[in-house]
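Below is one structure. I have some questions about it.
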Amino acid sequence: MGLLAQNAATADPGPAVGVDKDFSAHAEPYRRELLAHCYRMTGSLHDAEDLVQETLLRAWRAYDRFEGKSSMRTWLHRIATNTCLSALEGRQRRPLPTGLGAPSSDPTAELVERREVPWLEPLPDLANDPADPSVIVGSRESVRLAFVAALQHLSPRQRAVLLLRDVLQWKAAEVAAAIGTTTTAVNSLLQRARSQLDAAGADAGDRLAAPESPEARDLLARYIAAFEAYDIERLVELFTAEAIWEMPPYAGWYRGARDIVTLIHQQCPAEHPGDMRLLPLVANGQPGAAMYMRAGDRHVPFQLHVLDVRDDGVSRVVAFLDDALFAKFGLPGSL
């Protein structure tokens, strides 16, 4: 943040130079928490990172006017919320393929790629963050893909109100002051937001296994082993009967283990055992894997999988085809 503040100093003098270190010391512990908040608001890791930078820059410029009437955490979240609201004006929502409203696709049909759609993106795990552990637990629950996808059905102001009230546990009056409205309006926005989330199935993540649970670890290990052995038939045993597979930026989505296996047979560029290698990871508080595909004498980034794991198997996989995400997750550029 010091470098950011220094670079901006020519455009805006901000607070006195000696205040910079003090601001960094107080603000930096909240960076990852702010990232989760901006991610929930936008559904984009890339946008969230930019908005956190903008939030900290705005806060740095105003730091000499911070009177301490609220906590630093509350003050920063207030700035972050309004920064996100400004950024979201006129922007499209970020869906997953299942959110486009089309029925499930034929796994033998040609794939339809839609790069123009601003797809929902995954978020790296927050579990090892040095912030308040209770905050991290809450963050994990509230960044699951099903919840973040459901948030996209809300207007930006509904999102802001719901997140501040139900995730950050602010009082209605605090939310009203933060976004410049009345308590009555906040309560109305919250009621409509909760109703729309229920209709969108936002509770779908409630029954998911935690990524560190023995069940999730075992299922992920078998999932990785099946792909690496190119034993696609073994995958049938891992998916639930109504499992869903989707892979943005392709618009289609697929339901049922047999359709998923047919899709992989038809469309996966791998042909032999060893063509694919997978590294386990955690994304959106869920088990996942980074898939690398053979290219000559090495394996290069191909897909980043996020799994819904339940007692009876894998109920959903979102396979993101965006190799720029690998660096964001701290993954190697090749194997």
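The values are calculated or read from the model by the stated rules, or taken from the named source; none is laboratory data. No experiment lies behind these values; they were computed from the predicted model shown. FYI the Cβ positions are ideal-geometry reconstructions off the backbone, even for glycines, and counts take in every protein chain you see. SASA here: full protein model, heavy atoms, side chains in, ligands and nucleic acids out. Shrake-Rupley method; radii C 1.70, N 1.55, O 1.52, S 1.80 Å.
Scan the range 182-233 for residues that are in a helix (DSSP H, G or I) and among the aromatic types (Phe, Trp, Tyr) and jot them down.
Going through the range 182-233, the residues in a helix (DSSP H, G or I) turn out to be 183-199, 202-207, 214-228, 232-233.
Hits for the range 182-233 are Tyr223, Phe227.
Could you look through the range 70-90, keep only residues that are over 20 Å from Val167 (Cα atoms) and free of Cβ contacts under 8 Å to residues at least 40 places away in the same chain, and pick out the one that is surrounded by the fewest Cβ atoms within 10 Å (Cβ to Cβ)?
Gly90
While we're looking at this one, here's another question. Just checking, does the range 191-210 include any residue being more than 23 Å from Leu96 (Cα to Cα) and surrounded by fewer than 18 Cβ atoms within 10 Å (Cβ to Cβ)?
In the first step, residues of the range 191-210 are kept if they are more than 23 Å from Leu96 (Cα to Cα); the result is 191.
Imposing the further condition that a residue be surrounded by fewer than 18 Cβ atoms within 10 Å (Cβ to Cβ) reduces the set to 191.
The answer is yes, given that some residue of the range 191-210 is more than 23 Å from Leu96 (Cα to Cα) and surrounded by fewer than 18 Cβ atoms within 10 Å (Cβ to Cβ).
Now for a different question. How many residues are open to solvent by 40 Å² or more (accessible area, probe 1.4 Å) and not in a helix (DSSP H, G or I) if we restrict to the range 19-69?
4
Further question: Yes or no: Val300 surrounded by 22 or more Cβ atoms within 10 Å (Cβ to Cβ), in the same structural domain as Ala225 (by the TED database) and of a type outside the set (D, E, K, R)?
Spelling it out, it is not the case that Val300 is surrounded by 22 or more Cβ atoms within 10 Å (Cβ to Cβ), in the same structural domain as Ala225 (by the TED database) and of a type outside the set (D, E, K, R).
If you don't mind, there's one more thing I want to ask. Taking the options Pro269, Pro273, name whichever one is closer than 20 Å to Asp106 by Cα and either aromatic (Phe, Trp, Tyr) or part of a loop (DSSP other than H, G, I, E, B) (or both). Walk me through how you get there before you give the answer.
Details: Pro273 fails: closer than 20 Å to Asp106 by Cα.
Pro269 is the lone residue from the list that is closer than 20 Å to Asp106 by Cα and either aromatic (Phe, Trp, Tyr) or part of a loop (DSSP other than H, G, I, E, B) (or both).
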